Amino acid sequence: MTVSASSTSNLLGSLCVSHSYLLSEMLRTVVVPIVKNKTGDISDQANYRPISLASVIAKVLDGLLDRQLDNWVTLHDAQFGFRLGLSTECAISCLYCTKKKSIINYVY
């Protein structure tokens, strides 16, 4: 009998969710400093931002949960953060259009 990686990861994800338990390996991350401005002062701590490197098993579970949540959660159209194809520019453009519309529709 062969067991696919997909069915194993689905089973692991289901067990973690149903028992509200995460393996200790899933909780470990490595925080790495990344330079913000490469032409800036690399000795300045403010010129760095942290990123967290998660384990492979945590990334697999994250992907499984993300797919399941997509079936149940509908995000509002004004939600721009962490959505595919949307950016800060989209949020600013939306804000600009909303403000412009409110000024045009303002009744004295």
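Bear in mind these aren't lab numbers, they're just calculated from the coordinates by the rules spelled out. Source: prediction; values computed, not measured. Cβ: placed from backbone, ideal geometry, glycine included. Neighbour counts: every protein chain shown.
Before moving on, here are some points about what is shown:
- Taking the Kirkwood radius as Rh and the Cα radius of gyration as Rg, the chain has a ratio of Rg/Rh equal to 1.15.
- Degrees between helix 5-19 axis and first principal axis of the chain (Cα, 0 to 90, nearest 10): 80
- GNM on the chain, alpha-carbon springs under 10 angstrom: the most fluctuating residue among Thr29, Thr74, Thr39 is Thr39.
- Helix 88-104 vs. the chain, principal-axis angle (Cα, 0 to 90°, nearest 10): 40
- For the chain, built as a Gaussian network whose Cα springs stay under 10 Å, the top-fluctuating residue of Ser87, Ser14, Ser52: Ser87
- Förster radius 22 Å - calculated FRET efficiency between Val17 and Ala54 (Cβ-Cβ, nearest 0.05): 0.80
- Calculated mean residue ellipticity at 222 nm for the chain: -15500 deg cm²/dmol, from DSSP H runs with n ≥ 4 weighted as -39500 (n - 2.57), summed, divided by the residue count and rounded to 500.
- Computed FRET value (nearest 0.05) for Lys99 with Gln45, which takes r as the C-beta separation and R₀ as 35 Å: 0.45
- For the stretch 9-68, the orientation-averaged shadow of the C-alpha convex hull comes to 5.4 nm² (one quarter of the hull surface).
- Taking the chain and dividing mean pair separation by its residue count, relative contact order in percent (alpha carbons under 8 Å, at least six apart): 20
- Alpha-carbon Debye profile of the stretch 39-85, log10 I(q)/I(0) at 0.17, 0.23, 0.32 Å⁻¹: -0.77, -0.92, -1.14
- Highest GNM mean-square fluctuation among Tyr48, Tyr21, Tyr96, for the chain modelled with Cα contacts below 10 Å: Tyr96.
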